Amino acid sequence: MVAIHRAVGIVRLSTQRGFYFARRSRGLATLKPQTSLFSPLDAFPERHIGPDDHEASQMLAKIGYNSMEAFIEDTVPPKIRISTTTVNNSSIPAFSESQLHARAKALGGQNKPFKSYIGMGYHAAVVPPVILRNVMENPAWYTPYTPYQPEIAQGRLESLVNYQTMVMSLTSMDIANASLLDEATAAAEGMVMAFFSTHQKRRTFLVDSGVLPQTLAVLRTRAKGFGINLVVRDAKSALKEQALRTDLCGVLVQYPDVNGSIRNFEALAESVHSAGGLVVCATDLLALSMLKPPGEWGADIVLGNSARFGVPAGYGGPHAGFFAVTDALKRKMPGRLIGRSRDTTGQSAYRLSLQTREQHIRREKATSNICTSQALLANMAAMYAVYHGPAGIQRIAKKVHGFTQVFRSAVEAVGYTPENKTFFDTVTLNVSSVAGSADAVHSAAAAAGVNLRRIDDARVGVTFDESVSPEDLLALINVFTTVASASSLTMANLKQPEAPAIPSALQRTSEYLPHPVFNKHHSETEMLRYIHHLASKDISLVHSMIALGSCTMKLNSTSSMIPLTWPEFSAVHPFAPYDQVKGYHTVIKELEEDLCKITGFHSATLQPNSGAAGEYAGLCVIRAYHESRGEQHRNVCLIPLSAHGTNPASAVMAGLKVVSVQVHPDGNLDLADLQAKAEKHKDNLAAFMVTYPSTFGVFESGIQDACKIIHDNGGQVYLDGANLNAQIGLTDPATCGGDVCHLNLHKTFAIPHGGGGPGVGPICVAEHLAPFLPSHPVMPVKGDQAIDAVSAAPFGSASIALISWAYVKMLGGQGLGDSSKIALLNANYMASRLSGHYTLRYKNEKGRVAHELLIDLAEFDKSAGLKVTDFAKRLQDYGFHPPTCSWPIPTCMLIEPTESETLEELDRFCDAMIQIRKEAEDIIVGKQPRDNNVLRNAPHPISAIASTEWNRPYTRQTAVYPLPYLLEKKFWPTVSRIDDAYGDINLVCDCPSVEELAS
């Protein structure tokens, strides 16, 4: 009889290759007995948490404990422990999966499905079903990590190159990055690039009055930290003033502008360049299929929102901001950049290029803290371009433009006055002569289930997109005829335009997207195969655990993902009136309240759309607090040397001066050095940034003492919440002594990493900082002391906040606390298994690590000539994504298993690491040569194994099947080790052309 219960035992299995051993997998008998007949059968914690009670007991015994509580006492300092009643099922009740589904449906029903013509950079994109189902809803696409290990990420790297190529081609710019957080933050990055292009000698940045208001708000926030003088005026007239030109670093224009006008900026670009400044252009990719691209009239930086290409509005995001520059600026461009290189066999391969530009290397010398992208959304936009191709995109653009022409003619005929003579998809109407005021038009529109842009008492804005049907167009026109007391029109009254309403000098004549990839996958069959072909090249959570330290790659449950693509949530415009989005606001309110319960803080905001954006927002809040007290001179930020590179970069962006704090050899913060520097800078001390548990993977016992030192010297404590997964229900940032913290919803709260984004970085603050949380110019959400916006949308990437809301609700307080306990236990179990084979770098006085462990590989450099990279690439042969490499210490690996992985998977990973250690020993003792061995040659793709030549001093089987489990479950890297230096020296960041593919 076959046992169905899960136990850590051994069964003998037969395969075509012989006999091997494998651990038994989880069985239903491990599920806990029902406490009541009426209890739900689909409780979420037992589905989310990997180890069951039996396995947890085994792991506790392995590390020397007979109870979970005894283990926690030795791991988390007792003086920072919180009451067990703080986070439990009374404070955060648990929903089953089906209960959560029903509640999400009910809340979605409270969002009114109005047809939006608001525009302002947001559109009702049509997501092709083949992309919706096979990319957005596919865990093979949404669960991978950032492609820092390119040999096991060639699929999404290729797709991101498609994205870069799409942007470069439509904008006619030399190079584009792999996306930024949104259009407004992309504009802020462009402004800072212009500022630094003058070596900070010129401080005036001119913003044309036609720029989107949310972009202007984000620019104001960013300009303040850098001391940039932001001038908002009609750019053409302002440039006539010599005083402004003398101090000018750059100009931002919108093309077409917020009111729909298309202006010729060629002369403006010449004027800006003659004054020594850069031209930054915010634009629309669909419009550029019909408009003369900015690269052809002199723009230096071109940016915008690519969500129009098949990404849902989602109440503001997440969306991929695009960013392209001239060749002269490519090494100053922020964000990730994908380029072509080659592997050790000479095969073409993709990789992240020019990484020395990034904040994790430049730290306080960085001009940007951007450490992520919007990879999943960029990939969706790229797939949209691949699916439709240039002809399809032009067809869509002509329909949108044509509908706008038809609408303009129809309403003008009944007395309304269009204010913009030129347009692509937006018409601004003066309605006062017909309707008396704009309110009458808005009332009639609302009665018809339509939203228009609110401008002022006399004007309304109307923006068209791909989703508008002929019936929608007619219904909209008749809203205006009704207000004008004119006869309603029928389809027979609508005339097709004869020619585009775009000035001939601004019509596009150059081709775009000629590359083969955009011209061959137009049937759904071909598109489906292309999507799955690329996905097959990448390791994700569908294959194995991804034990990346400081990244918390836990389960992204299907049940929490499902509501994301419901139209009740996905089709909502971020500027829809509040009374139409009551469901969204309930989700946001409940999530903010639960995050405050978890962190111990008073208030929260979801607006920051990445962890680094959360850091920046938190520091801006601290600065605003000091200013409110007449202490605007406080500008010093103390940061430990062990901090993530975003910390010092964020501090500089907020206008702070970074002073480093030492750490002891045991990894603990040097409190004496902290006190000395806090006292030295007490008159100007603004903040202290600290990560807890530390980036070395330990709960430091002196955290409260450190925070007290800062408070005693007039500063505020910013507690980086990247490692919050170790704290929930055990301690919290407020108890540790923090005043503000950011959280990574894409780590602790289970939003998927998406192959390199999206993320959400909300901040929680103490009561005295709450008045300064960010507001928004279009949809004000905070008080009069609030800082300006830090992202384009009022609630940031609101749609994916649904995922974290669902995660918290389904686990409940008890499940959240249990998750943190198991995350700590899993890490300590792995530390125990690996400690006899590798050097465990840091642990506390009781010998415990926190939720992650740091192993040091320095010894192998001298003894075997092996680097961290060699261990990482060899781990790919075992079917695992390597842990975080060379951070926070260059010779180390940082390993974080999370609570979602079973004991079986933890052991499989440990078995792989132990076997690699044995392979290293063979090199140390001389059984394998130092320069030609199984680690130095890793990874081993199938092309290498299938080659007729094999001149390596180990067998092919040793290369690819070093452990028995791989005979059943093998992931193949698609290329050999990639040559990083070659890719940076020979920088190519677009798709192969027809000629290249033919050669």
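General observations
- Length gained when the stretch residue 579-residue 785 is fully extended (0.36 nm per residue, less Cα-Cα span): 71.7 nm
- Taken along the Cα-to-beta-carbon direction at a fixed 7 Å, the label points for residue 542 and residue 499 span 5.1 nm.
- The range 652-741 - charge dipole about Cα centre, Lys and Arg +1 at Cβ, Asp and Glu -1, debye rounded to 20: 220
- The tail of the calculated P(r) for the chain, taken as Cα-Cα distances beyond 46 Å, holds 28 percent of the pairs.
- Relative packing of 384-397, 230-243, which averages over residues the other C-beta atoms within 10 Å, highest first: 384-397, 230-243
- Nearest-0.05 FRET efficiency for residue 593 and residue 632, computed from C-beta distance (R0 30 Å): 0.40
- Candidate cross-link partners of residue 582 among the lysines, defined by an alpha-carbon separation under 22 Å and a same-chain spacing of 8 or more, comprise 105, 112, 115, 782, 809.
- Between residue 448 and residue 209, the FRET efficiency from the beta-carbon distance, with R0 = 22 Å, is close to 0.10.
- Overall, the accessible surface of the chain at a probe of 1.4 angstrom is composed of carbon and sulfur to the extent of 51 percent.
- Residue-wise HN-Hα couplings along the range 77-91, as the Karplus relation 6.51 cos²θ - 1.76 cosθ + 1.60 with θ = phi - 60° gives them from phi, are x, x, 6, 10, 5, 10, 5, 5, 8, 5, 10, 8, 6, 7, 7 Hz; Gly and Pro carry x.
- Listed cross-link partners 398/421; 79/657; 680/708; 682/846; 330/677 are compared with a 26 Å cut-off, the Cα-Cα value being larger for 79/657; 682/846; 330/677.
- Between residue 304 and 283, 322, the built amide H atoms are under 5 Å apart, and every one of these is 5 or more places off in sequence or on another chain.
- For peptides 604-611, 318-325, 428-435, sequence by mean Cβ density within 10 Å, most packed first: 318-325, 604-611, 428-435
- Cross-link partners of residue 970 among aspartates and glutamates, defined as those whose alpha carbon lies under 17 angstrom from its own and excluding same-chain residues fewer than eight positions apart: 151, 538, 877, 904, 905, 907, 911.
- Segment residue 924-residue 296, length gained on full extension (0.36 nm per residue, minus Cα span): 220.2 nm
- Relative to the longest principal axis of the Cα atoms of the chain, the long axis of helix 97-108 makes an angle of roughly 20 degrees.
- Dividing the mean sequence gap of close Cα pairs (under 8 Å, 6+ apart) by how many residues the chain holds gives a relative contact order of 19 percent.
- Computed helical MRE - 222 nm, the chain, DSSP H runs ≥ 4 contributing -39500 (n - 2.57), nearest 500: -11000 deg cm²/dmol
- Rounded accessible area per residue of the chain, 1.4 Å, Å²: 35
- Rounded to the nearest 5, the antiparallel percentage of DSSP beta bridges internal to the chain is 55%.
- Selection from 624, 138, 369 lying farthest towards where the dipole of the chain points positive, charges on Cβ: 138
- With a cut-off of 17 Å on the backbone N, the residues of the range 199-220 near the modelled label site 7 Å out from residue 229 along Cα-Cβ are 199-208, 220.
- Förster radius 25 Å - calculated FRET efficiency between residue 522 and residue 969, Cβ distance, rounded to 0.05: 0.10
- Spatially proximal aspartates and glutamates relative to residue 224 (Cα-Cα < 15 Å; intrachain offsets below 8 disregarded): 189, 627, 788
- Dipole in debye (nearest 20) - the chain, about Cα centre, beta carbon charges: Lys, Arg +1; Asp, Glu -1: 800
The values are calculated or read from the model by the stated rules, or taken from the named source; none is laboratory data. Computed from a predicted model, the values in this text were never measured in an experiment. Counting neighbours? That spans all protein chains shown, and the Cβs are built from the backbone with ideal geometry, glycine included. Heads up: the accessible areas ignore ligands, DNA and RNA and are worked out on the full protein's heavy atoms, side chains in. Shrake-Rupley method; radii C 1.70, N 1.55, O 1.52, S 1.80 Å.
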